[in-house]
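The values are calculated or read from the model by the stated rules, or taken from the named source; none is laboratory data. Just so we're clear, the structure is a prediction, and the values are computed from it rather than from any experiment. Virtual Cβ from ideal backbone geometry, glycine too; neighbours counted across all protein chains shown. What goes into the accessible areas is simple: the full protein's heavy atoms, side chains included, and nothing from ligands, DNA or RNA. Shrake-Rupley method; radii C 1.70, N 1.55, O 1.52, S 1.80 Å.
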Amino acid sequence: MSSRDFVYSKFAEFYNNPSSFIPAPTSFEHREFAYLMFKERFMVRHKRFESIQVFQSVLTRNVPSDVYHSCAYYEQPDLEMDKKGWIGSDLVFDIDADHIPTKCGKIHDEWLCQKCEFNGKGITPEQCPLCGGDRFSVKTWLCDLCLESTRVETAKLIDMLTKDFGFATNEMHVFFSGHRGYHVHVEDEAVRSLDALSRKEIVDYVTGLGLSVLNKTSKEKFGKGRKRVATAKKFKLHNYGWNRRLKIGMTKLLSTATVEDLKNLELRNNNLFKNKTVILRRAIEEGRWDSIPGVSVATWLKLAEQVKNLESANIDTVVTTDIHRLIRMNGTLHGKTGLLKMEFPAHQLDDFDPLTQAIAFKKGTTKVFVSNTPEFRLGGATWGPYKNVNVVLPTAAAVMLILKGRAEVAN
């Protein structure tokens, strides 16, 4: 049996298993559905189904590698895009390690320019630095550091959505994506009708884009009949929105930071470290920002910028602004890992472990030839590292390595 046939058979077993539960998204009849054929590798989309049971029977017959539904609601989901009749769309956020610079990514993520074959490690560039090409072959991996980085960003996003936007946790649906991150869906009438521009405003807030904490004064008179324009800069923060977040972030940063930490953040003003206690009380708590000796407006602004980078949520901005977006369907398999996309309560984010709770294939073992893989954790055990070796692995691990292009079924 070839490796592709092996994985196909496992996906077929999953979708044919009556115990494989695929929840129906809300307003099922107004969603567009799509799926990527496993063997033929083409997308079937613009589909509408009467019920989740009918859709599951289609998945059973076709065995897709990936399954999607629209974030949008349509009058006629099965027509062409310009004829569907857009009703509204959920507010959706995608947090993925592909968009987060992590130290581990420089070790286990690889990209290859398809035009000139120049290669590198880490985040895939938009253009090849050698030839300017924009098409790449990419090999990524998922490890605990990747997943922790996306968990942190998701936690910051949920905090903003609840405290700054006022959404209740029962209006949010939080999912492990099945690969290297999380999805957050907001299903609320208040956001359903927002256009792409309005969603861009939300994206800008979440990412801290365009944030300004400068107050400028207007013209002042000097002497007889003489006017001089003087732009006085004064640092000031109030207690709402991003201003509040900056104050909280400054408190967290200065409370624990060492001199070396501040240098790493390009904050080389030693007065920030020497006067930490005074700054926390006099400046951040009492708002007397100009009362700290040796700390200028420029230094406050630099500190605020660094805190903004730490406190903003790193999301895939295109996903949120796209009102016609297709999103991976809850309860289905991810074609790059064989793991489940699955929902869990927002308050359980810290305790949710994707590498044990999102496993779909829990029985059996398979002998595979592994070309090269780092040490990895899956299903409560640790495996590898392996290089050019035959090894017997649990089905879930074998499927993931094959889908990641790092193993083949051993003959």
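Observations on the model:
- The slack between Thr277 and Asp134, meaning 0.36 nm per residue of separation minus the straight C-alpha distance, is 46.5 nm.
- Within the same chain, lysines fewer than 8 places from Lys263 are excluded, and of the rest, those with a Cα less than 16 Å from its Cα are Lys274, Lys276, Lys302.
- Charge sum, other residues only, whose C-beta stays under 13 Å from Gly210's C-beta, Lys/Arg counted +1 and Asp/Glu -1: -1
- Measuring nothing but how far apart in sequence close Cα pairs (under 8 Å, 6+ apart) lie, relative to its length, the range 363-409 scores a relative contact order of 48 percent.
- Across the range 150-165, coupling constants 3J(HN,Hα) worked out from phi with the 6.51/-1.76/1.60 Karplus curve, θ = phi - 60°, read 6, 4, 4, 5, 5, 4, 5, 5, 4, 4, 5, 5, 7, 8, 9, 9 Hz, and Gly and Pro carry x.
- Comparing Met37, Met329, Met342 in a Gaussian network model of the chain (Cα springs below 10 Å), the most mobile by mean-square fluctuation is Met37.
- Efficiency of FRET between Glu375 and Ala410 - r from beta-carbon atoms, R0 22 angstrom, step 0.05: 0.60
- Using θ = phi - 60° and Karplus 6.51 cos²θ - 1.76 cosθ + 1.60, couplings along the range 382-399 (whole Hz; Gly, Pro as x): 10, 10, x, x, 10, 8, 6, 9, 7, 8, 8, 10, x, 3, 4, 5, 4, 4
- 0 to 90° range, to nearest 10: angle between helix 196-207 axis and the chain longest Cα axis: 70 degrees
- Cα centroid of the range 1-37 to Cα centroid of the range 290-363, whole Å: 26 Å
- Rolling a 1.4 Å probe over the protein heavy atoms gives the chain an accessible area of 51 Å² per residue.
- For Lys236 and Gln127, a Förster radius of 51 Å and the Cβ-Cβ distance give a FRET efficiency of 0.80, rounded to the nearest 0.05.
- Modelled label reach - Asn170, point 7 Å along Cα→Cβ, the range 318-353 residues with backbone N closer than 18 Å: 344-348
- Taking the longest Cα principal axis of the chain as reference, the axis of helix 297-311 is set at about 20 degrees.
- In the elastic network of the chain, a GNM with C-alpha springs shorter than 10 Å, the most mobile of Gly384, Gly132, Gly208 is Gly132.
- Surface composition of the range 290-411: carbon plus sulfur atoms contribute 50% of the solvent-accessible area (1.4 Å probe, protein chains only, all chains present).
- Estimated purely from DSSP H runs of n ≥ 4, each contributing -39500 (n - 2.57), the mean residue ellipticity at 222 nm for the chain is -9000 deg cm²/dmol once divided by its residues.
- Radius ratio Rg over Rh of the range 73-153, counting only Cα atoms, Kirkwood formula for Rh: 1.18
- Gyration tensor verdict on the chain (Cα atoms; rounded if a/c is under 1.5, prolate if a/b is larger than b/c, oblate otherwise): prolate
- The range 361-411: C-alpha gyration tensor shape, a/c 1.5 cut-off, then a/b vs b/c: oblate
- Cα-Cα over 19 Å, subset of Lys156/Lys247; Lys163/Lys236; Lys156/Lys236; Lys39/Lys121; Lys39/Lys363; Lys10/Lys47: Lys163/Lys236; Lys156/Lys236; Lys39/Lys121; Lys39/Lys363; Lys10/Lys47
- Free-standing Cys, the chain [no other Cys Cβ under 4.7 Å]: Cys71, Cys104, Cys143, Cys146
- Choice from Cys104, Cys116, Cys143 showing the highest fluctuation, given a GNM over the chain with Cα pairs closer than 10 Å: Cys116
- Here the range 1-145 exposes an accessible surface that is 50 percent carbon and sulfur, computed with a 1.4 Å probe and the other protein chains kept in place.
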